[in-house]
């Protein structure tokens with residue numbers, strides 16, 4: 001088992017945060033290969049390697065420890081660990097990246113539809129959590145605002161990252177936190193990154209607004225949660 005290989009360290013960005021974000025994306029993609037359908041959970045060794053590797057990377061890059069290493073039962077604590085990682089990635093993405101097109105990213109229809117699926121997973125996790133009613137309502141409202149923006153085929157990049165960070169940090173401390181939530185957050189960030197990369201490579205900025213390029217998206221989640229009315 002290896003969530004990172006030697007070749008993954010080649011051609012990394014120069015900035016520490018950018019390095020960590022790129023390596024973390026690789027780890028998240030490889031982690032999906034160690035999901036056990038029978039137990040509906042990641043295999044134990046992969047969870048340990050995920051936690052220790054991300055902590056080692058952040059420490060070595062001078063970014064400090066990002067995951068509390070005093071976890072007792074990693075099987076029980078892993079959803080919270082993934083939430084901590086997702087929240088950290090959201091905050092660091094805001095710092096490290098300049099949002100394209102004055103902060104507005106125009107999205108293609110496949111990207112819009114995929115993000116909507118992941119938002120529904122997040123909304124279900126929020127409803128099933130033991131968050132206070134007021135905080136539940138606030139988080140659901142933020143996600144509804146995101147859906148409204150998506151209907152216009154555009155997203156304010158900074159608002160998106162702030163919403164994901166808010167949801168990740170809020171759900172991370174709940175006892176009813178579901179594994180779907182950090183996975184959904186990670187997928188949204190990945191899809192947006194792919195759309196941003198495809199848009200930046202587009203030859204014409206004006207053409208990009210009228211006809212945003214469609215990036216190659218990751219495989220859909222294994223178990224899709226049917227949308228539920230709020």
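Filtering the range 196-206 down to residues that are at pLDDT below 75 and part of a helix (DSSP H, G or I), which residue is surrounded by the most Cβ atoms within 10 Å (Cβ to Cβ)?
Here the residue is 199.
Of the residues 77, 10, only one is free of Cβ contacts under 8 Å to residues at least 12 places away in the same chain and within 21 Å of residue 169 (Cα to Cα); which?
77
Residue by residue, here is whether (1) at pLDDT 85 or above; (2) at positive phi; (3) not in a helix (DSSP H, G or I) holds:
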{"residue": "23", "(1), (2), (3)": "yes, no, no"}
{"residue": "28", "(1), (2), (3)": "yes, no, no"}
{"residue": "49", "(1), (2), (3)": "yes, no, no"}
{"residue": "63", "(1), (2), (3)": "no, no, yes"}
{"residue": "83", "(1), (2), (3)": "no, no, no"}
{"residue": "93", "(1), (2), (3)": "no, no, no"}
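Can you pull out every residue in the range 30-47 that is part of a helix (DSSP H, G or I) and loosely packed, with under 15 Cβ neighbours inside 10 Å?
33, 44, 45 - these are the residues of the range 30-47 that are part of a helix (DSSP H, G or I) and loosely packed, with under 15 Cβ neighbours inside 10 Å.
Condition check: touching a helix residue (DSSP H, G or I) at 6+ places or on another chain (Cβ under 7 Å) and part of a loop (DSSP other than H, G, I, E, B). Does residue 57 satisfy that?
no
Scan the range 133-149 and tell me whether some residue there is at pLDDT below 80 and either surrounded by fewer than 17 Cβ atoms within 10 Å (Cβ to Cβ) or outside any helix (DSSP H, G or I) (or both).
Taking every residue of the range 133-149 in turn, none turns out to be at pLDDT below 80 and either surrounded by fewer than 17 Cβ atoms within 10 Å (Cβ to Cβ) or outside any helix (DSSP H, G or I) (or both).
I need the full set of residues from the range 152-195 which are modelled with pLDDT under 75 and in a loop (DSSP other than H, G, I, E, B), in order please.
Hits for the range 152-195 are 173, 174, 175, 176, 177, 178, 179.
The values are calculated or read from the model by the stated rules, or taken from the named source; none is laboratory data. It should be emphasised that the depicted structure is a prediction, and the values quoted were computed from it without experimental measurement. So basically every Cβ, Gly included, is an ideal-geometry build from the backbone, and we count neighbours across all protein chains shown.
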